[in-house]
Amino acid sequence: MATTSSRLDTGIVEIGSQFYVEREPGERLMNMVRNETANIILVRGPFKSGKSSLLVRAEDEAKGLGQPTCYIDFQSFQDSDFENLEILFQRIAEKLSLEINNIENPGNLWNERRGIKNNFTKFIEEVILEGETILILFDEVDRVLNSPCRDDFFSTIRNWDSLMKSKDRWRKLNLVMAHYRGPHLWIQDVNQSPFNVGTQIKLNAFELKDIKSLNQTYKNPLKTDNEIEKLMHVTGGQPFLVRWAFHQIATQKYNCVGELENEAIHKCEELERFLQRFLFHMQKEEKLRKSLLRILKGRRCKDTEHFDYLKSLGLIKGDSPKEANIYCQLYEHFFKMHIL
């Protein structure tokens, strides 16, 4: 069997990689970048569904058009950066300044009398937006959800949407935010309006046509339509799982989808690391584990919040709690081993 690559991209798929799958939501984002229209764009998808790979391509597209850009990954921030709003906004301002204006200490420009939120907004307006159209990308914004900064951070972003509609300078801003939890959770203070702005782009699973295309890229290790459909059933079209499965078969670690399904879950370190992240959520929240356990046993999920959370993680599918099912066979095998 021909081997197309000896390395699997476990994080961001490199720009120019033949293994990157173009999807319609990604093309929508690229068109918005090309149009340079002021917008807040929310890219939503489960863990390892391709959000970061899409964001770096949007940044590359904007750079090709001559736009200033700044990609900020909140996973790279320290826990201490989320302890209060002033620290968080100053960290973001420092990153923006280094990438765009080369200002070493943007906090020196802030006026204490204005307040933290107004200082940050004024900094964006007067310093970052003084030139041409700019693209700012916030990745992994879910990290803010568990911090004391949550409501103030997202209400600040929501205020920017109003400014984009009312002030010429703010029409130079395109802001993309990647997340997996729903925006209805972003502001929970009953005294503030919910976060209900922005254009939403949802990254779904690979379709059958995407898997067929990847099969060709990998020199057709799957020989029949039945094998391709079997891979879809085992992985649910989850982007990382599909690429991982092709890599395993193309590099001859496993000979077929059936062998991969039965053996890899016990032996493959890459797959174990991917799945352990979900297990961590279950171990940390006992009630969530019990909800997933009910679904594994074919019973309805009683808790709507648990249903929404498990679905946002990509672990279940279904339009309502009573229709919830485990997302794919691979997940079913794994969780039956670890939480039953």
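Among ILE134, ILE15, rank each residue by its count of other Cβ atoms within 10 Å, from fewest to most, as a rough exposure measure.
ILE15, ILE134
Quote the charge dipole size of the chain about the Cα centre in Debye, to the nearest 20; the model charges only the Cβ of Lys and Arg (+1) and of Asp and Glu (-1).
Dipole about the Cα centre, nearest 20: 1040 debye.
Among [x] 64, 45, 31; [y] 59, 58, 40; [z] 75, 70, 38, which one is Cα extents along the principal axes in Å computed from these coordinates?
[x]
Quick one: work out the % antiparallel among DSSP beta bridges in the chain, nearest 5.
Taking every DSSP beta bridge within the chain, about 10 percent pair in antiparallel fashion.
Give me the Å³ per residue figure for the convex hull around the C-alpha atoms of region 272-338.
Spelled out: Cα convex hull of region 272-338, divided by residues, is 75 Å³.
Among GLU27, GLU61, GLU263, rank each residue by its count of other Cβ atoms within 10 Å, from fewest to most, as a rough exposure measure.
GLU27, GLU263, GLU61
In whole percent, what relative contact order does the chain give with Cα contacts below 8 Å and a gap of six or more residues?
Computed over the chain, the figure is 21 percent.
I want to check the label-to-label distance for SER162 and GLU270. Put each point 7 Å from Cα in the C-beta direction and report it in nm to one decimal.
4.8 nm
Give me the angle, in degrees from 0 to 90, between the Cα long axis of helix 286-296 and the longest principal axis of the Cα atoms of the chain, rounded to the nearest 10.
Roughly 40 degrees between the two axes.
May I ask for the angle, rounded to the nearest 10°, between helix 225-235 and the longest principal axis of the chain, with both axes built from Cα atoms and the value confined to 0 to 90°?
Once rounded, one gets 60 degrees.
Which of LEU208, LEU214 comes first, and how do the rest follow, when ranked by fewest Cβ neighbours within 10 Å?
So the ranking, lowest neighbour count to highest, is LEU208, LEU214.
If amide hydrogens are placed 1.01 Å from N in the peptide plane, which non-local residues have theirs closer than 5 Å to the one on VAL43?
Distant-sequence amide H within range of VAL43: MET177, ALA178, HIS179, ILE201.
Could you work out the relative contact order of region 272-338? I mean the mean sequence separation of Cα pairs under 8 Å and 6+ apart, divided by the number of residues, in percent.
25 percent
Leaving out same-chain residues fewer than 8 places away, which lysines sit with a Cα under 27 Å from that of LYS209?
LYS48, LYS51, LYS219, LYS223, LYS230, LYS253, LYS311, LYS317
Under a Cβ-only charge scheme (Lys and Arg +1, Asp and Glu -1), can you give me the dipole magnitude of region 24-202 about the Cα centre, in debye to the nearest 20?
Using Cβ point charges on Lys, Arg, Asp and Glu, region 24-202 gives about 560 debye.
Would you work out the relative contact order for region 5-65, in percent, from Cα pairs under 8 angstrom that are 6 or more residues apart?
The normalised contact order for region 5-65 reaches 44 percent.
Whole angstrom only: what separates the Cα centroid of region 1-70 from the Cα centroid of region 142-160?
Each part reduced to its Cα centre gives a spacing of 24 Å.
Measure nothing fancy, just the Cα-based angle from helix 51-64's long axis to the longest principal axis of the chain, in degrees from 0 to 90, nearest 10.
Around 50 degrees separate the two axes.
Work from the charge dipole of the chain (Cβ charges, +1 for Lys and Arg, -1 for Asp and Glu, about the Cα centre) and give the residue of LEU135, PHE240, THR121 farthest towards its positive end.
Of the options given, the answer is PHE240.
Please give the Cα centre distance for region 110-138 versus region 271-297, rounded to the nearest Å.
Measuring centre to centre over Cα atoms gives 40 Å.
Coordinate-derived values only; no laboratory data. Just so it is clear, the model here is predicted, and its values are computed rather than measured. Quick reminder, even Gly has a Cβ in these numbers, built from the backbone with ideal geometry, and neighbours come from all protein chains shown.
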